[in-house]
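Below is one structure; the comments refer to it alone.
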Amino acid sequence: MDALSWLREWRNRWLANPGFVRFASRFPPTRGIARRRARKLFDLCVGFVYSQVLLACVRLEVLEHLAEGPQTTRALAQRVSLSIEATDCLLRAAVAIGLLERRGNSRFGVGALGAALLANPGLRDMIEHHALLYADLADPVALLRQGGGATQLGDYWAYARSAEPRGLSDARVSAYTGLMAASQSLIADQILDAYPLAEHRLLVDVGGGDGTFLVAAARRAPRLRLVLFDLPAVAERAARRFDEAGLGERATAVGGDFLHDPLPSGADLVSLVRVVHDHDDDDALALLRAVRGALASDGVLLLAEPMAGTAGAEPVGDAYFGFYLLAMGSGKPRRPEELRALLGEAGFGQVRAIDTALPLQTRLLVARP
């Protein structure tokens, strides 16, 4: 056992000792540390309650009501159709987790976290969507043992388990395509701020959903030509989105399945925005090889997604996405070095990371053949 491991084992023996815990919680030099650790442990135990308080606030539109101005419990109870007692319970809980703030003795207003949530409508869609994940996590041991199996998320993301994804109907892709659009808008600007598009002539966005990312890219680079590749039913939605955005012949949507159909060729930039982590290693490698084959000789691959091992965001990349993708039945969160290895195997020789404003939400790798 190395010295660091020995020290950690020594530390854990003391932290598991009830007598030492009582001493540390009273001793002034260690009291603050002991209290912070106790709070973190409590948060782990009851975090599911925080999530449901958040969901209740979203479904009852509490933040929207209070955005009009601070209100009393009685006034808000009438607007959300709850009893005064139930409303008071919800408001106290929302204050405790930072969504709301007390304003004087009798009124409540939007807190800092609540204001941030109001500014990001896509987050509210994700919070509603998590009801499916909660159901799949009701028995986490069963989920781990079955490796996904029949789950609500697996049914929701229809392409993940379909033997013939090209044949999925519009009805089967509409819900997840809408969710992708809502959540993708949160990160499009981060990607485009970190990687300017002006030097490129043709961008192909593989797995681009309804075109949200490409519409944002079009605003940043007025001369850039755009092609979206996704399943046929999804591509039809993207084509309508491009027409609505006035992109005309500048943007094209192509339907297909990257495991069976060739990607549009000739692009000097291909983007994969939250696509690789949705696929297991074999399919992810097939996708990257397809991109390598479709790129122009001077082409660049822009790979953007939340990554495991991100400093300060480990609960997102490793815990949240690990279990989400397990329930979905396809894919896994990967560390940058794992993605680099896949890229190397696919024929990319130059890979560099680019910082984004919020690596918790997305990180970027830029790869060249």
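Condition first: of a type in the set (D, E, K, R) and farther than 12 Å from Phe323 by Cα. Can you find one or more residues in region 130-138 that meet it? No: zero hits.
Of the candidates Asp139, Asp125, Asp43, the single residue that is in contact (Cβ under 8 Å) with a residue 24 or more places away in the chain, under 30 Å from Gly154 (Cα atoms) and among the acidic types (Asp, Glu) is Asp125.
Just so you know, in region 103-115 the residues that are touching a strand residue (DSSP E or B) at 6+ places or on another chain (Cβ under 6 Å) and without any contact (Cβ under 8 Å) to a residue 40 or more places away in the chain include one that is surrounded by the fewest Cβ atoms within 10 Å (Cβ to Cβ), and it is Ser106.
Looking only at residues in region 43-88 that are part of a helix (DSSP H, G or I) and polar (S, T, N, Q), the one that is surrounded by the most Cβ atoms within 10 Å (Cβ to Cβ) is Thr87. Of all residues in region 248-267, those satisfying the criterion of being in contact with a strand residue (DSSP E or B) (Cβ under 7 Å, 6 or more places away or on another chain), assigned to a loop (DSSP other than H, G, I, E, B) and not small (Gly, Ala, Ser) are Phe258, Leu263, Pro264.
Can you go through Asp193, Asp125 and tell me which one is modelled with pLDDT of 90 or more, within 22 Å of the chain's Cα centre (by Cα) and over 25 Å from Arg240 (Cα atoms)? Full working, then the answer.
Values: Asp125 fails: over 25 Å from Arg240 (Cα atoms).
Just a single option satisfies the conditions, and that option is Asp193.
In region 143-172, the qualifying residues are those that are among the acidic types (Asp, Glu) and part of a helix (DSSP H, G or I), and the one that is farthest from Glu236 (Cα to Cα) is Asp155. Taking the criterion of being out of contact with any helix residue (DSSP H, G or I) (no Cβ under 6 Å at 6 or more places or on another chain), in a helix (DSSP H, G or I) and under 30 Å from Leu168 (Cα atoms), the residues of region 204-231 that qualify are Leu214, Val215, Ala217, Ala218.
Scan region 189-203 and tell me whether some residue there is crowded, with 16+ Cβ neighbours inside 10 Å and under 27 Å from Arg172 (Cβ atoms). Within region 189-203 (the criterion being crowded, with 16+ Cβ neighbours inside 10 Å and under 27 Å from Arg172 (Cβ atoms)), the answer is no, since none of the residues qualifies. Here Glu345 passes the criteria (1) surrounded by fewer than 15 Cβ atoms within 10 Å (Cβ to Cβ); (2) closer than 30 Å to Asp136 by Cα except the one numbered (2).
Here is a check on your reading of the model: is Leu118 closer than 22 Å to Ser185 by Cβ and either crowded, with 17+ Cβ neighbours inside 10 Å or modelled with pLDDT under 95 (or both)?
Details: closer than 22 Å to Ser185 by Cβ: yes; either crowded, with 17+ Cβ neighbours inside 10 Å or modelled with pLDDT under 95 (or both): yes.
So Leu118 fits the description; yes.
Going through (1) more than 16 Å from Ile187 (Cβ to Cβ); (2) surrounded by fewer than 15 Cβ atoms within 10 Å (Cβ to Cβ) one by one, Leu263 falls short only on (2).
State the number of residues belonging to region 268-310 that are in a loop (DSSP other than H, G, I, E, B) and free of Cβ contacts under 8 Å to residues at least 12 places away in the same chain. Before the answer, list the steps.
Applying the first criterion (in a loop (DSSP other than H, G, I, E, B)) to region 268-310 yields 274-275, 279-280, 306-310.
Still in the list and also free of Cβ contacts under 8 Å to residues at least 12 places away in the same chain: none.
Count: 0.
The values are calculated or read from the model by the stated rules, or taken from the named source; none is laboratory data. Since this is a predicted model, take the numbers as computed values, not measurements. Note that we place each Cβ from the backbone using ideal geometry, even for glycine, and neighbour counts take in every protein chain shown.
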